[in-house]
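Working notes, structure below.
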Amino acid sequence: MKIPTYARYDYCNQRACEFLEENNIRSFPFDVKRIIYNSGWGLVTYSELMHQFSCDRDTVIRCLGSEDGYTQLDDVNYCIAYNDEEWLGDRIRFTLMHEIGHIYLRHLVDFEATRLYRGSLTKQENKVLENEANAFARNVLVPTAMLQQLKNKSVSNISNHFGITLAAAQTRLNFFYEDNRINKQNGTSSRLYTIFYNFYYKKKCTTCGYFIISKNIKYCPICGNKTLQWGESEMKYPAKIKLDENSKAVCCPKCDNEEVSPDGNYCHICGTYLINECTNYEGNYSEGCGRLAASNARYCIYCGAPTTFLQNGILKPWDFKENYNTFMSLPDTLDSEDELLPFN
Ligand SMILES: [Zn+2]
Ligand SMILES: [Zn+2]
Ligand SMILES: [Zn+2]
Ligand SMILES: [Zn+2]
């Protein structure tokens, strides 16, 4: 493939959106180094290279042809080298994202010239690839949907909120309307809005540690407390019982009967009530709540009342501790037949 004459901003913006989705980004600023580790790419600092080759920083910069960073692809993997001088501050995050841009935009595999040595590119070719990596980086670090929702769009506020330098924030602002136009045109706008939604409506429960993304939620569905705060925690309390769109168990959670009738709400084998819903309805819906609940919900997220699954013992209370005593009683010394055991 030939290096394009102009930067492919449409492609860059789409790849930026895919990057946010694939890495499940819902924090800003997010940890760029962690993503590099999780992706299995190598990461090395200029300081480490200086040590390894017993040379000074200027030599590393001259050899790699960049004051900020460089990405290399050997047969199997990428490795990113970056200038780790402390005074660079948030510039390092942008550098790393820019380098990830070269990877994500397939610059090192699609173009033969870049694979061997980036120094062999013409000035114009190099500029196109640099512009593309920069476009990718700004659209990942500060997605248009996030900037759109930010009320105070001053350069310093953008810099603070997204962990980029003032200079990068100014550039981001300059390209905002153009990036926004591109995203609207190619349909990534709504996907980016979902990323904003996941950021803005993420909640953790300070009582039981539950994590949920939801707009209209007052009570924690796990512990029933009104202790949800904006933030993140690890997802606990997995939804093990599969429900249909009417919150009815697909197979009986008590006796495992798989032939649940589409009509009745009770298991015809064991008599279990199969719908998880709010128990607060006093026989008529106008008086109470009685709304449907999620598979792992012990409490109603709208009114805090217990759910049918909790009341009927299908779900255990969130702080219920099971008495595990499942260690097999193995003899202390194995007898002469131990060659029959499967782990000799
Ligand atoms: Zn570059
Ligand atoms: Zn809770
Ligand atoms: Zn049953
Ligand atoms: Zn309710």
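The values are calculated or read from the model by the stated rules, or taken from the named source; none is laboratory data. Not measured: the values here are computed from a predicted model. For neighbour counting, all protein chains shown are included, and Cβ atoms are generated from backbone atoms with ideal geometry for every residue, glycine included. Calculation scope for accessible area: heavy atoms of the full protein, side chains included, ligands and nucleic acids excluded. Shrake-Rupley method; radii C 1.70, N 1.55, O 1.52, S 1.80 Å.
Take the residues of segment 233-265 that are within 16 Å of ligand 2 (Cβ to nearest atom) and touching a strand residue (DSSP E or B) at 6+ places or on another chain (Cβ under 6 Å): which is least open to solvent (accessible area, probe 1.4 Å)? Top of the filtered list is 233. Please tell me if residue 194 is within 18 Å of residue 238 (Cα to Cα), open to solvent by 40 Å² or more (accessible area, probe 1.4 Å) and more than 16 Å from ligand 4 (Cβ to nearest atom). No, not satisfied. Among the residues making up segment 219-243, those that are within 16 Å of ligand 3 (Cβ to nearest atom) and of a type outside the set (Lys, Arg) are 241, 243.
What do you reckon, is residue 275 away from ligand 2 (no atom under 16 Å from the Cβ), at pLDDT 95 or above and not charged (D, E, K, R)? Considered against the rule, which asks whether it is away from ligand 2 (no atom under 16 Å from the Cβ), at pLDDT 95 or above and not charged (D, E, K, R), residue 275 comes out as yes.
Within segment 22-72, the set of residues being under 30 Å from residue 150 (Cβ atoms), of a type in the set (Lys, Arg), surrounded by 13 or more Cβ atoms within 10 Å (Cβ to Cβ) and at pLDDT 95 or above comprises just one member, 33. Checking the structure you have, find out if any residue of segment 122-130 is hydroxyl-bearing (Ser, Thr, Tyr) and either assigned to a helix (DSSP H, G or I) or surrounded by fewer than 17 Cβ atoms within 10 Å (Cβ to Cβ) (or both). Scanning segment 122-130, I find at least one residue that is hydroxyl-bearing (Ser, Thr, Tyr) and either assigned to a helix (DSSP H, G or I) or surrounded by fewer than 17 Cβ atoms within 10 Å (Cβ to Cβ) (or both), so the answer is yes. The set of residues from segment 73-110 being under 23 Å from the mean Cα position of the chain (by Cα) and open to solvent by less than 10 Å² (accessible area, probe 1.4 Å) comprises 80, 96, 97, 99, 100, 101, 102, 105.
In segment 287-308, the residue that is nearest to residue 222 (Cα to Cα) out of those that are open to solvent by 30 Å² or more (accessible area, probe 1.4 Å) and either of a type in the set (Ser, Thr, Tyr) or assigned to a strand (DSSP E or B) (or both) is 299. Can you find even one residue in segment 200-218 that is farther than 30 Å from residue 316 by Cβ, open to solvent by 40 Å² or more (accessible area, probe 1.4 Å) and away from ligand 2 (no atom under 16 Å from the Cβ)? Yes: segment 200-218 contains one or more residues that are farther than 30 Å from residue 316 by Cβ, open to solvent by 40 Å² or more (accessible area, probe 1.4 Å) and away from ligand 2 (no atom under 16 Å from the Cβ).
For segment 195-234, filtering for residues that are farther than 18 Å from residue 307 by Cβ and in contact (Cβ under 8 Å) with a residue 60 or more places away in the chain leaves 6.
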